[in-house]
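The values are calculated or read from the model by the stated rules, or taken from the named source; none is laboratory data. Because the structure is a prediction, the values reported are computed rather than measured. Backbone-built Cβ (ideal geometry, glycine too); neighbour counts: all protein chains shown. Ligands, DNA and RNA are stripped out before the accessible areas are found, and what is left, the full protein with its side chains, is counted by its heavy atoms. Shrake-Rupley method; radii C 1.70, N 1.55, O 1.52, S 1.80 Å.
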Amino acid sequence: MANQLFYIATAIALLAVVVAFLRLLKGPDPTDRVVALDGMTITSISIITAAAFFLGRVIYIDVAMVYALVSFLGVVAIARFIERGL
Amino acid sequence: MTLGTVIGFALILIGVWGMLTRSNLIKIIIGFSIIDTGIHLVIVSIGYLPGRTAPIIDGAVDKARAGLEVVDPIPSALVLTAIVIGLAITALMLTYAVGMFREKKSLNIGDYKELKW
Amino acid sequence: MSVYIIAVFGVLMVFAAVYAIYSRNILSAIIASGVISLLASIIYILLAAPDVAMTEAAIGSGLTTVVFLLALKRINRLRGTEEEDVDA
Amino acid sequence: MQDLELIGGLLSVVGAVFLLLAAIGIIRMPDVYNRMQAGTKATTLGSILFLLGIGLANPDWLGKILLLVLFIVFTNPISSHVLARAAHHRGIPLAEGSVRDCLSDDEAGEEGGCE
């Protein structure tokens, strides 16, 4: 029962990634694309943690931490480039 | 897994197409980095064995039966080196692009007709 | 479950790669190539290679994007304008 | 123990619904600033609920998951703030129906009004 609930939650999160990706393809300005990238990465962190739960390895959560840190630094770097040229 | 191989080859083809048809120097370098990602994906998916887990021995893997439970770690190690070398090659190509732009004030590859400058 | 996740992210990667080649704005193409690396690192986790996933997320997505942006800043300074749009 | 897993699963489904609503907000809102509100606040709440649901279903991992939640809570508002400043500096216009632009007023040296 509980496992089916987690499967449903992961499927909804996958749908969320796909919907946010449409804005990345569509957005008129690079700022829109960075906003879509930010939303996609936070949703992907949830999917990585769900994969760690299904596969039963705690080591995958460390990857999620590195992913969060690096995506934050990337977003800050692109925003600084847009604002005053890095 | 076969699916990873298919995605990797699709990325390689898209990267080759981009490198051959675009005329902007930075677009060519982006095509090269897409080819790089595709090759890494192919090598990692060749080393994957279905139903097995990551080759890191902790509480979740039995030490005595570890050889029967983990995937092949050699392709992972090779790709780990290849990623870092790919970054170095990308940085070198960008350095050449900046130098060429400083010389002729153009990013179009059709403007560079000499064999040396 | 992991087969479906790999299929969805693979299709997204292919679309992002085609967009990165087609786009006329260089900054958008650089963002798209960063998205390709981030999605590839999730596929590496599902292919049981967490060390490769960590390295790809740190170097392929973070450092490569920063190196591209640095080169673009150099080129814009040499050109003398602030825009990042370059004709393909 | 079975009840805890059930509660965790329900919490994860609620968090995933919040993530989906955030994605729909990213694609439906009229301009960059509204998209940023939807894409940062709702994803923060959704991912916190999702991760806490997994942590309740597997209590051994609760320490690492709490660390990840703390990390998301610290970094997500900062990236939203930096992006909003960059969009404003770039000169992207507000959507129709916006009533007040406090950052422009502050840069123009206008007194009062915006807190």
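Which ones in the range B:15-27 are in a helix (DSSP H, G or I) and open to solvent by 30 Å² or more (accessible area, probe 1.4 Å)?
B:Val16, B:Trp17, B:Met19, B:Leu20, B:Thr21
Give the residue that is nearest to A:Ile48 (Cα to Cα), with candidates limited to residues of the range C:17-32 that are small (Gly, Ala, Ser) and buried (at least 24 other Cβ atoms within 10 Å of the Cβ).
Ranking the candidates gives C:Ala32 first.
Test each condition in (1) more than 9 Å from every other protein chain (Cβ to nearest Cβ); (2) of a type in the set (D, E, K, R); (3) open to solvent by less than 40 Å² (accessible area, probe 1.4 Å) for D:Arg100 and report the one that comes out false.
All conditions pass for D:Arg100, except number (3).
As an exercise: evaluate C:Asn25 against (1) more than 7 Å from chain B (Cβ to nearest Cβ); (2) closer than 26 Å to A:Ala9 by Cβ and give the number of the one condition it does not meet.
Going through (1) more than 7 Å from chain B (Cβ to nearest Cβ); (2) closer than 26 Å to A:Ala9 by Cβ one by one, C:Asn25 breaks only (2).
Just one of B:Thr37, B:Thr95 is without any contact (Cβ under 8 Å) to a residue 60 or more places away in the chain and either open to solvent by less than 40 Å² (accessible area, probe 1.4 Å) or in contact with a Lys or Arg (Cβ under 6 Å, 6 or more places away or on another chain) (or both); which is it?
Exactly one of B:Thr37, B:Thr95 is without any contact (Cβ under 8 Å) to a residue 60 or more places away in the chain and either open to solvent by less than 40 Å² (accessible area, probe 1.4 Å) or in contact with a Lys or Arg (Cβ under 6 Å, 6 or more places away or on another chain) (or both), namely B:Thr37.
Here are some conditions: (1) at pLDDT 85 or above; (2) open to solvent by 30 Å² or more (accessible area, probe 1.4 Å); (3) in a helix (DSSP H, G or I). B:Gly67 meets all but one. Which one does it not meet?
Condition (1) is where B:Gly67 drops out.
Pairs needed: first member in the range B:42-69, more than 19 Å from A:Val58 (Cα to Cα); second member anywhere, polar (S, T, N, Q); C-beta distance under 8 Å; at least 6 residues apart or different chains.
B:Val42/B:Thr5; B:Val44/B:Ser76; B:Ser45/B:Thr2; B:Ser45/B:Thr5; B:Ile46/B:Thr5; B:Gly47/B:Ser76
Pairs under 6 Å by beta carbon, first residue at the interface with chain A (Cβ under 7 Å from one of its Cβ atoms) and in contact (Cβ under 8 Å) with a residue 12 or more places away in the chain in the range D:49-76, partner in a helix (DSSP H, G or I) and charged (D, E, K, R), six or more apart or different chains?
Close Cβ pairs satisfying both conditions: D:Ala57/D:Glu5.
Does at least one position in the range D:71-84 carry a residue that is open to solvent by less than 60 Å² (accessible area, probe 1.4 Å) and in a loop (DSSP other than H, G, I, E, B)?
no
Checking the structure you have, find out if any residue of the range B:1-9 is more than 9 Å from chain C (Cβ to nearest Cβ) and of a type in the set (S, T, N, Q).
Yes, the range B:1-9 contains at least one residue that is more than 9 Å from chain C (Cβ to nearest Cβ) and of a type in the set (S, T, N, Q).
Looking only at the range A:16-52, filter to residues that are facing another protein chain (nearest Cβ under 7 Å) and touching a Lys or Arg at 6+ places or on another chain (Cβ under 7 Å); which one of those is surrounded by the fewest Cβ atoms within 10 Å (Cβ to Cβ)?
Among those that are facing another protein chain (nearest Cβ under 7 Å) and touching a Lys or Arg at 6+ places or on another chain (Cβ under 7 Å), it is A:Asp32.
If you check A:Ser71 against the conditions, is it facing chain D (nearest Cβ under 9 Å), touching a Ser or Thr at 6+ places or on another chain (Cβ under 9 Å) and surrounded by 24 or more Cβ atoms within 10 Å (Cβ to Cβ)?
Criteria met by A:Ser71.
Provide a single number: the residues in the range D:1-31 that are open to solvent by less than 70 Å² (accessible area, probe 1.4 Å), under 12 Å from the mean Cα position of the chain (by Cα) and aliphatic (A, V, I, L, M).
Of the residues in the range D:1-31, 4 are open to solvent by less than 70 Å² (accessible area, probe 1.4 Å), under 12 Å from the mean Cα position of the chain (by Cα) and aliphatic (A, V, I, L, M).
For C:Val35, are the conditions met, namely being free of Cβ contacts under 8 Å to residues at least 60 places away in the same chain and open to solvent by 40 Å² or more (accessible area, probe 1.4 Å)?
no
Sort out which residues of the range B:24-71 are over 21 Å from C:Ala49 (Cα atoms) and facing another protein chain (nearest Cβ under 7 Å), and write them in order of number.
Result: B:Asn24, B:Ile26, B:Lys27, B:Ile30, B:Gly31.
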